[in-house]
Amino acid sequence: MSKLYSYNQYTLKSTRLRRWVRCQKRRWKRRVLQVLEAYNHDHWVAKLFDGFMIGLISLNVLAFSFETVYAISIPYKSHFNNFETFSSLIFTADYILRLWACTLRQRYRHPLWGRIKFAIRPLSIIDLLSILPFYLFLFFQDLVFIREIHLLRLVRLLKISRYSSSIRTLGKVVSAKRNDLLSAIFTVFTLLMISASLVYFVEHAAQPELFPSIPASMWWSVVTLTSVGYGDVYPVTPIGKLLGGVIAVLGLGLVALPTGILASGFAEEVQQRRVSPVCPHCGKRLQ
């Protein structure tokens, strides 16, 4: 009887211990999500973390640029390497913590498939690509393409959308106006094809080396539509000059269409923010 009582006591304590461990795990996951994932909150730790990550990403982009200046990168090579190691470890910890805590959300609740689903999100793929060059260089230093793979470090610039409300607003505007933007881009592409085709047939006989084909003539169309005007390729025939003037005037309005769409989208987003407040905990807009 005493043995049975002792066994029941042990089972009860073990059950309480497991419950306490699960409770603590959920508590820490909630804290991690509060700092890493929650948007538009007033938690000072989260604000400090966002500022730190934005600064770290900015410094990484600057370091990547200055590494191409041999007068700077060669004397301070060890400093650049140490900074890259420090940054990669921070980004790795950020990625692992997000992957660990994501199961607290309903859509990623499964311990395996939920994490796989979380890992294939666009932002999670960006996080993985941002740390990939460091570990490839660490374990496979003899790879032929290892120098080119360092270009993936620029992906870290996309990570800044996690920590900047302005960049997130831009993403929301582009997503909300994607149909209008696609229509405007299709219109610009149509005008580009028409202008390249017309200038090819008008100028090919006079300048076969500058307008050898329609795809080659598209360079002139892009430069003219955007009003850049490099001057390396231009029409010389009277009809070609008339065509160039008409296309340049049309390009002033059509190429500016996406800018106008984005500007209206920003105005709508700002107005919506004023009308509907944002939850300080989850970042969702309150209706």
Treat every Asp and Glu Cβ in segment 67-187 as -1 and every Lys and Arg Cβ as +1, leave all other atoms uncharged, and give the resulting dipole magnitude about the Cα centre to the nearest 20 debye. 760
Charge dipole of segment 139-276 about the Cα centre (unit charges at C-beta), most positive-ward option of 186, 164, 244: 164
So the FRET efficiency between residue 47 and residue 226, C-beta based with R0 = 35 Å and rounded to 0.05, is 0.30
Quick check on the exposure proxy: order 224, 15 from fewest to most C-beta atoms within 10 angstrom. 15, 224
Cross-link pairs 29/172; 77/117; 29/177 - those with Cα-Cα distance over 32 Å: 77/117; 29/177
Using the number of other C-beta atoms within 10 angstrom as an exposure proxy, rank 180, 232 with the fewest first. 232, 180
Segment 105-133 and segment 213-270: distance between their alpha carbon centers, rounded to Å: 41
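Within 10 Å of each residue's Cβ, count the other Cβ atoms and sort 150, 79 from fewest upward.
Working: 150 16, 79 12.
Ranked by crowding around the Cβ, least crowded first: 79, 150.
Could you compute the FRET efficiency for residue 194 and residue 264, with r as their C-beta to C-beta distance and R0 at 35 Å, rounded to 0.05? Write out the running numbers ahead of the final one.
Values: r = 27 Å, r/R0 = 0.77.
About 0.85, to the nearest 0.05.
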Only Lys, Arg (+1) and Asp, Glu (-1) charged, at Cβ; segment 178-273 dipole about Cα centre in debye: 100
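Any chance you could tell me what percent of the C-alpha pair distances in segment 178-273 go past 17 Å? Before the final figure, lay out each step's value.
Numbers: 2407 of 4560 pairs.
Of all Cα-Cα distances in segment 178-273, 53 percent exceed 17 Å.
Any read-out appearing in this document is the output of simple, stated calculations on the displayed coordinates, not a laboratory observation. Keep in mind the model is a prediction, meaning the values are calculated, not measured. Every residue, glycine as well, gets a Cβ built from its backbone with ideal geometry; the counts of neighbours run over all protein chains shown.
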